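Participant: Sharing a structure with you now.
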2 protein chains.
Amino acid sequence: MRQRETDKGGQMAREITIVDVADEAGVSYATVSRVINNKAHVSPEKRERVLRAMAQLGYVVNMQARSLAGGESRVVGLLVDYLSSSYMDEIIRGIDEALDAENYDLMLYTTHRRKTKESAYVTKLTRGLADGLLLILPRNAAAYLDTLRQRQFPHVIVDYLNNKQNVPSVSATNFRGAYDAMSFLLSLGHQRIGFITGTMELGSARDRLDGYHAALKDHGIPADPHLISEGNFMQPQGYQCAQELLSLSERPTAIFASNDMMAFGVMEAARERGLRLPEDLSIVGFDDIPQASYVHPALTTIRQPLEEMGRSAAHLLLKYIAHPNAEIERIELPTHLIIRESCQALSFTS
Amino acid sequence: MRQRETDKGGQMAREITIVDVADEAGVSYATVSRVINNKAHVSPEKRERVLRAMAQLGYVVNMQARSLAGGESRVVGLLVDYLSSSYMDEIIRGIDEALDAENYDLMLYTTHRRKTKESAYVTKLTRGLADGLLLILPRNAAAYLDTLRQRQFPHVIVDYLNNKQNVPSVSATNFRGAYDAMSFLLSLGHQRIGFITGTMELGSARDRLDGYHAALKDHGIPADPHLISEGNFMQPQGYQCAQELLSLSERPTAIFASNDMMAFGVMEAARERGLRLPEDLSIVGFDDIPQASYVHPALTTIRQPLEEMGRSAAHLLLKYIAHPNAEIERIELPTHLIIRESCQALSFTS
DNA sequence: CTGAAAGCGCTAACAT
DNA sequence: ATGTTAGCGCTTTCAG
């Protein structure tokens, strides 16, 4: 089927190859390849002719062929569980930006449906046209991390710091962020502070919980297990957990949710109970997604430098692509407390 | 560089190819190819042997090679401007599901940064390993639609119905949905109904505006240009437009936002002005993203069958991949009015 | 039913 | 500096 006919006999337009460009420019096609890849050893004059021919013919490289032939593809894969809200958006924006600057393309793969074959999926991916792989918040990464390492395939994980594994990663200072949030609440006089965790299989969720505990301990406040409710980073769950927390006989005066989405759920629950915000309940989130400043009252939260994390991960990956044996780095970017309107000092009367 | 050495001399594990499988199974590699592609003319016994060898060696096809050699890649590309909120999520979920069922892989490309080179980008894509392309809400698609058509490359647009172009697409009944929303508001006694448009370059945004006008006209209510504010489908803009609308000397008693995110912005603006919802202002959105039911008051909105749209688009695309010359279809899926708590009949006193 | 062999478009030695 | 050539892994004729 040399001619690539479609099933009904329609003809696919023949692809313009470097051979065509070479003919047009009157040079060998190796020279065209050199020009395309910006290699040295091409006379300015011929380079010019090739460039012109390329433009004229509308030549576009065939990445499959390039990749097959052993060249770099200048694309990196991005593996995510599923696309969720602004959180991913911002990280991806950062990645995108950094990659674009270095002339790399991004391919995004969603895996959420293939829990079982993730490993095979990654294998397939790494044999594919990507030069490297970025993983955001992988759930059961353990399975394919081995594959990646074995194949010496450049990869960086974003927002996942499993302390047991030595994997290149970029994340935020989750422990510190949570600690800061708690310190703030504590400084406001709150003592009974409810905490809604994230998905506990994630390192970031665990670190935040640890930060919560540490702050409490440092302030000499005994931890009350009833004050901790297990969430999953999603708004409905935040709502549920808040209901639970707010039903406690000794109601918390503040709730610290492990991310903004759940904090929004807390707001709903509080409002539904007729609680005034922030008078009757102080709320702190985590992430600082754009919406945090839109809601009412504007959410006090711990900002994660999401975009920066993405950018940073991309740079790190590019480094590994260039130097596969570079030392494994685990970058932690600083979080910041963003004070808005959802918290208030504990008044004596309440 | 036959051996594919890394820059520091580390060796990349050699890929397992069909030749390895052939050796292991003791057959020619053409036979392995036949087995992989489920072609006829292979004895059950050899097929069995090949399958076993594949499993044993952990063979995974190299898509680049396959694609280069002219076979199908069983992957479809998905082109989006940027990843925004739950809206994309849901559509993608539907696409994902349909594709998975047919054993296709999805590759997602974000283009938002390359406004200018989109056309070249698409060309590149279509020369790549995708068998077909799905486009969600493309902004300036006109540029590459031609390329797609010229190359006879299977493609389907989701949520974009530019009436001037004959392009395969799937969308919702935007006009009808807007008309229904307005009818509902009108039936509640509202007369002065503010409207916040979407990004006007999109067909769906225009259709919703048309629906707004048509409903007004059918009810004999003269259109007031002051009541229409141009938004962009984003929450902050919804907030802005609402401020504008609510500052009108003759304030609207209801606002219909072209999507849910903007409706949330309206809620903020209203709350900030001390307006009670829905007593002082009725609000209707469009889309019915998950959050619509979380907010307070729960948002009355027009549901778009997002997931279904994605699924439908995927099926249509698969059809074009199988039959490139199949007739161009433009599917419109029905919208539905979802009544929640953000609207109230206009009382005589207000 | 099966194997041999010719490319797909490109990169990277290897010559010149 | 430039051309020649050998594959990359796979699909698909084309012969048996």
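Participant: Taking 8 Å as the Cα distance limit and 6 or more residues as the minimum spacing, I'd like the relative contact order of the stretch A:18-61 as a percentage.
Facilitator: Result for the stretch A:18-61 is 42 percent.
Participant: Something else now. Provide Rg over Rh for the stretch B:79-233; use the alpha carbon set for both Rg and the Kirkwood Rh (inverse mean inverse pair distance).
Facilitator: Across the stretch B:79-233, the Cα-based Rg/Rh ratio is 1.05.
Participant: While we're looking at this one, here's another question. What are the ³J(HN,Hα) couplings of the stretch A:283-297, residue after residue, when phi is run through the Karplus curve with 6.51, -1.76, 1.60 and θ = phi - 60°? Round to Hz, x for glycine and proline.
Facilitator: 10, 10, x, 8, 2, 6, 6, x, 4, 4, 8, 8, 5, 10, x
Participant: Gain in length, A:Glu102 to A:Gln150, computed as 0.36 nm per residue apart minus the alpha-carbon separation, to one decimal in nm?
Facilitator: The span from A:Glu102 to A:Gln150 would gain 14.6 nm if fully extended.
Participant: Next question. If I model a spin label at B:Ser347 and A:Ala345 as a point 7 Å from the Cα along the Cα→Cβ vector, what separation in nanometres do I get?
Facilitator: According to this spin-label approximation, the distance is 3.9 nm.
Participant: Looking at the square roots a ≥ b ≥ c of the eigenvalues of the Cα gyration tensor of the stretch A:251-307, which shape do they give, rounded for a/c under 1.5, prolate if a/b is larger than b/c, or oblate?
Facilitator: Prolate is the answer for the stretch A:251-307, as a/c is 1.5 or above and a/b outweighs b/c.
Participant: Peptide A:285-295: average number of partner chain Cβ atoms within 10 Å per residue?
Facilitator: 2
Participant: Restricting to Cα pairs below 8 Å that are 6+ residues apart, what does the relative contact order work out to for the stretch A:147-194? Please round to a whole percent.
Facilitator: Reported relative contact order: 22 percent.
Participant: Once amide H atoms are built 1.01 Å from N in the peptide plane, which residues 5 or more positions from A:His155, or in another chain, come under 5 Å H to H?
Facilitator: Here A:Leu133 satisfy the definition.
Participant: Still on this model: What trypsin sites (Lys or Arg not before Pro) in the stretch A:285-350 are in a loop by DSSP, with at most 15 other Cβ atoms within 10 Å of the Cβ?
Facilitator: none
Participant: Compute the FRET efficiency between B:Glu72 and A:Glu48 as 1/(1 + (r/R0)^6), taking r as their Cβ-Cβ distance and R0 = 41 Å, and round to the nearest 0.05.
Facilitator: 0.60
Participant: Quick one: which residues, 5+ away or cross-chain, put their amide H under 5 Å from the amide H of B:Gly194? H built at 1.01 Å from N.
Facilitator: HN-HN under 5 Å from B:Gly194: B:Thr253, B:Ala254, B:Ile255, B:Phe256.
Participant: Count the DSSP beta bridges whose two residues both fall in the protein assembly as shown, then state the antiparallel fraction as a percent rounded to the nearest 5.
Facilitator: Here the antiparallel bridges make up roughly 10 percent for the protein assembly as shown.
Participant: State the extension gain, in nm to one decimal, for the chain segment bounded by A:Glu201 and A:His219, taking 0.36 nm per residue of separation less the distance between their alpha-carbons.
Facilitator: 3.7 nm
Participant: Loop only per DSSP, at most 16 neighbouring Cβ atoms within 10 Å: give me the trypsin sites (Lys or Arg not before Pro) in the stretch A:238-284, ordered by residue number.
Facilitator: Qualifying residues, ordered by number: A:Arg273, A:Arg276.
Participant: Additional query: For B:121-128, what's the mean count of beta carbons from other chains sitting within 10 Å of each residue's beta carbon?
Facilitator: 5
Participant: Kindly write out, for the stretch B:96-102 in residue order, the coupling ³J(HN,Hα) from the Karplus curve 6.51 cos²θ - 1.76 cosθ + 1.60 (θ = phi - 60°), rounded to whole Hz, with x marking Gly and Pro.
Facilitator: Listing the rounded values in order: 3, 4, 4, 5, 4, 4, 9 Hz.
Participant: Measuring label to label, 7 Å along Cα→Cβ, what does B:His336 give against each other copy in nm, shortest first?
Facilitator: Label-point distances to the other copies, shortest first: 4.6 nm.
Participant: Can you pull the one-decimal nm distance between simple spin-label points at B:Ala40 and B:Gln56, each 7 Å off the Cα toward Cβ?
Facilitator: Placing both labels 7 Å beyond Cα along the Cβ direction yields 3.0 nm.
Participant: Count, for each residue of A:63-72, the Cβ atoms from other chains sitting within 10 Å of its Cβ, then give me the mean as a whole number.
Facilitator: Per residue, the average neighbour count from other chains is 5.
Participant: Still on this structure, I have one more. Compute the convex hull volume of the Cα atoms of the stretch A:18-61, divide it by the residue count, and report the result per residue in Å³ as a whole number.
Facilitator: Enclosed volume per residue, from the Cα hull, is 56 Å³.
Participant: With a cap of 14 neighbouring Cβ atoms within 10 Å, and only residues DSSP puts in a loop, list the GluC sites (Glu not before Pro) found in the stretch A:151-255.
Facilitator: Listed in order of number, the matching sites are A:Glu201, A:Glu250.
Participant: Another question about this same structure. Neighbouring Cβ atoms within 10 Å as the yardstick, rank B:Asp100, A:Asp89 fewest first.
Facilitator: Listed from fewest to most nearby Cβ atoms, that is B:Asp100, A:Asp89.
Participant: While we're here: For chain A, take the longest principal axis of its alpha carbons; what is the angle in degrees between that and the long axis of helix A:260-272, to the nearest 10 within 0 to 90?
Facilitator: 40
Participant: Determine ³J(HN,Hα), in whole Hz, for all residues of the stretch B:229-243 in sequence, where each value follows from phi through the Karplus function 6.51 cos²θ - 1.76 cosθ + 1.60 and θ = phi - 60°; x replaces Gly and Pro.
Facilitator: 10, 8, x, 9, 6, 10, 4, x, 5, x, 4, 4, 4, 5, 4
Participant: Sort B:His213, B:His323, A:His190 by Cβ crowding within 10 Å, fewest neighbours at the top.
Facilitator: The most exposed by this proxy come first: B:His323, B:His213, A:His190.
Participant: Kirkwood hydrodynamic radius, the stretch B:174-305, all distinct C-alpha pairs: what's the number in Å?
Facilitator: 14.0
Participant: May I ask for log10 I(q)/I(0) of chain A at q = 0.12, 0.14 Å⁻¹, from a Debye sum over the Cα atoms as equal point scatterers with solvent left out?
Facilitator: Values returned for q = 0.12, 0.14 Å⁻¹ are -0.88, -1.07.
Participant: Which value at 222 nm does chain B reach when only helices count, each DSSP H run of 4 or more adding -39,500 (n - 2.57), with the total divided by all residues and rounded to the nearest 500 deg cm²/dmol?
Facilitator: -12500 deg cm²/dmol
Participant: I need to check one value: relative contact order of the stretch A:176-302, counting alpha carbon pairs closer than 8 Å and at least 6 residues apart, in percent.
Facilitator: Taking the mean separation of contacting Cα pairs over the length of the stretch A:176-302, I get 25 percent.
Participant: Rounded, prolate or oblate, given the Cα gyration tensor of the protein assembly as shown, with a/c below 1.5 counting as rounded?
Facilitator: It is oblate, given that a/c is not under 1.5 and a/b is not larger than b/c.
Participant: Take the alpha-carbon positions of the stretch A:284-346, form their convex hull, and give its projected area averaged over all directions (one quarter of the hull surface) in nm².
Facilitator: 5.1
Participant: Subtract the Cα-Cα distance of B:Arg139 and B:Ala326 from 0.36 nm times their separation in residues, and report this length gain in nm to one decimal.
Facilitator: Length gained between B:Arg139 and B:Ala326: 64.8 nm.
Participant: Additional query: Would you please give the residues with an amide H less than 5 Å from that of B:Ile302, counting only those at least 5 places away or on a separate chain, with H modeled from the backbone geometry?
Facilitator: B:Gly285, B:Phe286, B:Asp287, B:Asp288, B:Ile338
Quick note: the coordinates plus some simple rules give every number you see, no bench work behind them. Source: prediction; values computed, not measured. With ideal geometry, Cβ positions are generated from the backbone for all residues, glycine too; neighbour counts draw on all protein chains shown.
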